[in-house]
1. Condition (residue is touching a Cys at 6+ places or on another chain (Cβ under 6 Å), of a type in the set (Gly, Ala, Ser) and surrounded by 13 or more Cβ atoms within 10 Å (Cβ to Cβ)) applied to segment 296-304: is it met by at least one residue?
2. Closer than 29 Å to residue 185 by Cβ, exposed (fewer than 14 other Cβ atoms within 10 Å of the Cβ) and among the charged types (D, E, K, R) - does that describe any residue in segment 234-249?
3. Please count how many residues of segment 22-70 are among the small types (Gly, Ala, Ser), in a loop (DSSP other than H, G, I, E, B) and within 21 Å of residue 350 (Cα to Cα).
4. Tell me whether segment 239-250 contains one or more residues that are modelled with pLDDT under 95 and closer than 24 Å to residue 363 by Cβ.
5. Could you go through segment 177-197 and let me know if any residue there is more than 17 Å from the chain's Cα centre (by Cα) and among the β-branched types (Val, Ile, Thr).
6. Looking only at segment 83-93, which residues are modelled with pLDDT of 95 or more and surrounded by fewer than 20 Cβ atoms within 10 Å (Cβ to Cβ)?
7. Evaluate the following for residue 349: is it at pLDDT 95 or above, assigned by TED's automatic domain parsing to the domain that holds residue 21 and either surrounded by 12 or more Cβ atoms within 10 Å (Cβ to Cβ) or in contact with an Asp or Glu (Cβ under 7 Å, 6 or more places away or on another chain) (or both)?
Amino acid sequence: MTTRQLGIIMHGVTGRMGMNQHLIRSIVAIRNQGGVTLSNGDKVMPDPILIGRNEEKIAALARRHGIERWGTDLDAALANKNDTIFFDAGTTQMRPTLLAKAIRAGKHVYCEKPIATNLNEAVEVCRMAQESGLKHGAVQDKLFLPGLRKLDMLRRSGFFGQMLSVRIEFGYWVFEGDLQPIQRPSWNYRKEDGGGVILDMICHWRYVLDNLFGEVQSVSCLGATHIPKRWDEEGKPYTATADDAAYATLELKGHNGEPVVAQINSSWTTRVRRDDLVTFHVDGTLGSAVAGLTDCRIQSRVTTPRPVWNPDQKQEMDFFDQWQEVPDTEPFDNGFKIQWEHFIRHVVEDAPYRWTLPEGAKGVQLVEAALESWKDRRWVDVPSLGL
């Protein structure tokens, strides 16, 4: 067995997502486990260099996690031939330019979603990546969540029969900042800075829907800015210009060709009374399932109870108790880490990989369709991108 080093330029890892999920729980965790195992038994050890604008912050982050290389000069990092992968978790507005720069420098690219703020830029960087012959990928972490992996197993087993509908409920209350500290950065609520729940979450729902329930055909979406005034990190009030909630209905082409209806609520202005911060409720002719981030519960056709509608009597059925839990039949690792391992194998030994930049572009396409639907108050078709 041999171990080889793989140089990775990591940009934008001082932010919450980049630091926690990609650096600490993915790359650092992979290094601590001894690297990524290839099909022939060899190991690949990530050798990251952390790049950021704030020298003090990036240096402290590197020291804290035992990473020797860090810097503030992205051009110098891109010029190093020993670093073959460029990863970006910075701002969405900068992402297409950074990806294009890395591709021109001959780097394989992997990035957070969305891959751009508009479809034209997303398609342009996709075509650039495809023509370069370099490897490319976009984060689609929710496909690797234990709850959704259990849903996928149920789908592949035929548990649902003909799938009829899926309801996704996502969100929680993000504090305004006057009484309690904010949990999300203030730029999330400024459209001019790339904020908005539609841009942030609809691109997630695209790959979840396409892969698990059916290819998106059309969308009807209503957005809202429910909280028009918020307070930023310094406690200063500002006007929220981006949407903080979205209510969408979508038509899907199911995996067996039959139509599936999807309803999705995404909100930073809702208080949680459900099993998890996000739940996926799937109904089919032979059974139903409700999944969260980790758990999944099912109710088959033959175990479906018979409730009786009687508004004059207090409901005595415990509907939550009538579902059976799908057991953990295998260990579930961090979803971001799993996809990192897939991408590293893809780069090093050309292992199959389907979560490419064009898949990320589909998410941006659905974002634009949802925004157009909201603006024009109508259904919008979602055609094939042809990438």
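1. Within segment 296-304, the first condition is being touching a Cys at 6+ places or on another chain (Cβ under 6 Å), and the residues that meet it are none.
So far as segment 296-304 goes, no, none of its residues is touching a Cys at 6+ places or on another chain (Cβ under 6 Å), of a type in the set (Gly, Ala, Ser) and surrounded by 13 or more Cβ atoms within 10 Å (Cβ to Cβ).
2. Looking through segment 234-249, at least one residue is closer than 29 Å to residue 185 by Cβ, exposed (fewer than 14 other Cβ atoms within 10 Å of the Cβ) and among the charged types (D, E, K, R).
3. 4
4. From segment 239-250, those modelled with pLDDT under 95 are none; that's our starting set.
No, there is no match, as no residue in segment 239-250 is modelled with pLDDT under 95 and closer than 24 Å to residue 363 by Cβ.
5. First pass over segment 177-197, keeping only residues more than 17 Å from the chain's Cα centre (by Cα): 177-183, 185-187, 189-193.
Retained after the next criterion (residues that are among the β-branched types (Val, Ile, Thr)): 182.
The answer is yes, given that some residue of segment 177-197 is more than 17 Å from the chain's Cα centre (by Cα) and among the β-branched types (Val, Ile, Thr).
6. As a first pass, look at segment 83-93 and keep what is modelled with pLDDT of 95 or more: 83-89.
Across segment 83-93, the qualifying residue is only 84.
7. Values: at pLDDT 95 or above: yes; assigned by TED's automatic domain parsing to the domain that holds residue 21: yes; either surrounded by 12 or more Cβ atoms within 10 Å (Cβ to Cβ) or in contact with an Asp or Glu (Cβ under 7 Å, 6 or more places away or on another chain) (or both): yes.
For residue 349, the condition - at pLDDT 95 or above, assigned by TED's automatic domain parsing to the domain that holds residue 21 and either surrounded by 12 or more Cβ atoms within 10 Å (Cβ to Cβ) or in contact with an Asp or Glu (Cβ under 7 Å, 6 or more places away or on another chain) (or both) - is met.
Condition check ((1) of a type in the set (Phe, Trp, Tyr); (2) closer than 30 Å to residue 304 by Cβ) across all residues:
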{"residue": "323", "(1), (2)": "yes, yes"}
{"residue": "332", "(1), (2)": "yes, yes"}
{"residue": "347", "(1), (2)": "no, no"}
{"residue": "352", "(1), (2)": "no, no"}
{"residue": "355", "(1), (2)": "yes, no"}
{"residue": "368", "(1), (2)": "no, no"}
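The values are calculated or read from the model by the stated rules, or taken from the named source; none is laboratory data. Worth saying up front: this structure is predicted, and the values here are computed from it rather than measured. Note that we place each Cβ from the backbone using ideal geometry, even for glycine, and neighbour counts take in every protein chain shown.
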